[in-house]
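Quick note: the coordinates plus some simple rules give every number you see, no bench work behind them. Small disclaimer: the values here were computed from a predicted structure and weren't measured. Cβ sites come from the backbone with ideal geometry, for glycine too, and all protein chains shown count toward neighbours.
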Amino acid sequence: MLEQPRPPLLSRIPGWAWVSLDIVVALLLAAGFLGLIHSRNPAQPGLLDFTGALATSLPLAVRRLWPRAVFVVVLIGGLRMREFLIPQADPFGLPLVLYTLATRNKAVPALLVAVAVTTQGVVELPLRGQTVDQLGLVLAIVVAAWTTGTAVRQRRLYTEQLAAQAEDRARAEAARERLRIARELHDVIGHSLSTIAVQAGIERHVGDARETSRALGSIEETSRSALRETRRLLGVLREDGPADVVPAPDLGELLSGVRAAGLEVELRLDGKVRGEMELTVYRIVQEALTNVLKHAAAHRATVLIERQEEELVVEIADDGRNARERPYGHGLTGLRERVRIFGGEFEAGAHPVRGFRVTARLAL
C-alpha cells in the first residue's frame, strides 16, 4: 500500500499556534516601543506617544485576519513612532504586515506607499553618507519583506495549480479507464450472448438430437469462454498496482464458436501479432463477426490479417443481404477508438456488390 505524502512542516502547524506566535511578537514589540518612548523622549510621554507605540505593535496580533486594516493602522502609528527610532522608520511592524499582505495578493500599492513613507521619514537634506546608508537599509528591509511574501504567494498558487492539474489528469484517466472497461465488457458479453442466441435460435428450428447436442456443447464452451474473459477483466481491475499486460484470448476459439453458430469463416493470416495490438486485433475480429451473426443473415465471412511493412491490415468481409441497413452501434465506435490509439485508420460500410466490410489499418 502506497504511503500517503505528508504536507510540509509549516503547513502542519495549526492556525491557533500561528496566532499565538503573532500575539507574542506584538506584545514584545509593544514593550520595546513603550521602552523607547520613555528612554528617548526628553519630556514625559503623552497620549499620542502611547497611542503610536501601541498602534504600531499590538495590531500585528491579528495581521493574518485583517491584513489591509492592520497595514493602515501600523503605517499611521509608525508616523508617530519614527521620531523615537534610528533611522526614523519602522523596520519591524511595517515590513511584517507588508509581508502578510504580499502573501495574499500582489500588494504593489502597499509596497509603493511603504517605500514613500519610509523614504520621507529617513531622508534629510542635505543628504549625507550616513543618511544614504540608513535609507538603503530600511528600503532593503521593506522590499525584502514584500519580495518574500510575493514568493510565498506564487509558490502557493503554483502548488494549487499543480494539484488542480493532477486532479484533472486523474479525472481524465478515470474516464478513459471507464471507457476501456465498458468497451471490454461490451466486446466480451455482447459477442458471447449474440453467439449463444444465434445457436439457440438455430437449434430450436432444427430439432435433431445430434445437432442439439452439438449446439448445447458450443453454447457451453461459449459461456465458459465469456466467463473466463470476464474473470480476467475483473482480476485486472482488482489489482492495486500496475496491471500486467494480459494475453489476448485465443482467436481460434473465437472462430470455432462463430462456426458453431452456423457461419462459415475463412481465416487468412499473414504474420504474427504480439503485445497490446494482439488484443486490439482480436476485438476487431470479434465485434465484426458479432455484427455478422446479429444483423447480416450471411453464410460466409472472410477474416484477413496481413502484416505489411509499416502497418497491420485487419479486414472482415461477409456476404450478408442486409448490408445497407446494418446499424452502427457502440461496438464499432469502440473499435474506431481502439484503432485511433495506435494511430490507425478504421472503415466500416456496405460492400459495393453485396455484404459488409470492416477494415482497420494499424500503424506498426
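Projected onto its three principal axes, the C-alpha set of segment 76-178 covers 75, 26, 18 Å, listed from the longest axis down. When all alpha carbon pairs of segment 7-69 are counted in 5 Å bins from zero, the resulting P(r) reads 4, 18, 21, 18, 14, 10, 7, 4, 3, 1, 0 %. Stokes-Einstein diffusion for segment 33-87 at 25 °C, viscosity 0.890 mPa s, with a Kirkwood radius from C-alpha pairs, works out to 215 µm²/s.
Less than 5 angstrom separates the built amide H of residue 263 from none of the residues sequence-distant by 5 or more or on a different chain.
Rg to Rh ratio, segment 1-110, alpha-carbon atoms and Kirkwood radius? Could you put the intermediate results ahead of the total?
On the way: Rg = 17.1 Å, Rh = 15.2 Å.
Rg divided by Rh gives 1.12.
All C-alpha pair distances within segment 58-127, sorted into 10 Å bins from zero, spread as 21, 52, 23, 4, 0 percent across the bins. Taking θ as phi - 60° and the Karplus parameters 6.51, -1.76 and 1.60, the scalar couplings of segment 290-295 work out to 4, 5, 4, 5, 7, 10 Hz in sequence order, x denoting glycine and proline. Under a 5 Å amide H cut-off, with hydrogens placed 1.01 Å from N, residue 311 pairs with 364 among residues at least 5 apart or on other chains. Under a 5 Å amide H cut-off, with hydrogens placed 1.01 Å from N, residue 351 pairs with 356, 357 among residues at least 5 apart or on other chains.
Under a Cβ-Cβ cut-off of 13 Å, what is the net charge of the residues other than residue 56 that fall near it, where Lys and Arg count +1 and Asp and Glu count -1? Before the final figure, lay out each step's value.
Numbers: positive: 63, 80, 82; negative: 49, 83, 90.
Spelling it out: positives minus negatives among the neighbours equals 0.
Projected label points at residue 162 and residue 130, each 7 Å from Cα along the beta carbon direction, are separated by 4.9 nanometres.
Computed packing ranks the peptides 104-116, 286-298 as 286-298, 104-116, most packed first, by mean other Cβ atoms within 10 Å.
Computed packing ranks the peptides 266-274, 300-308, 150-158 as 300-308, 150-158, 266-274, most packed first, by mean other Cβ atoms within 10 Å.
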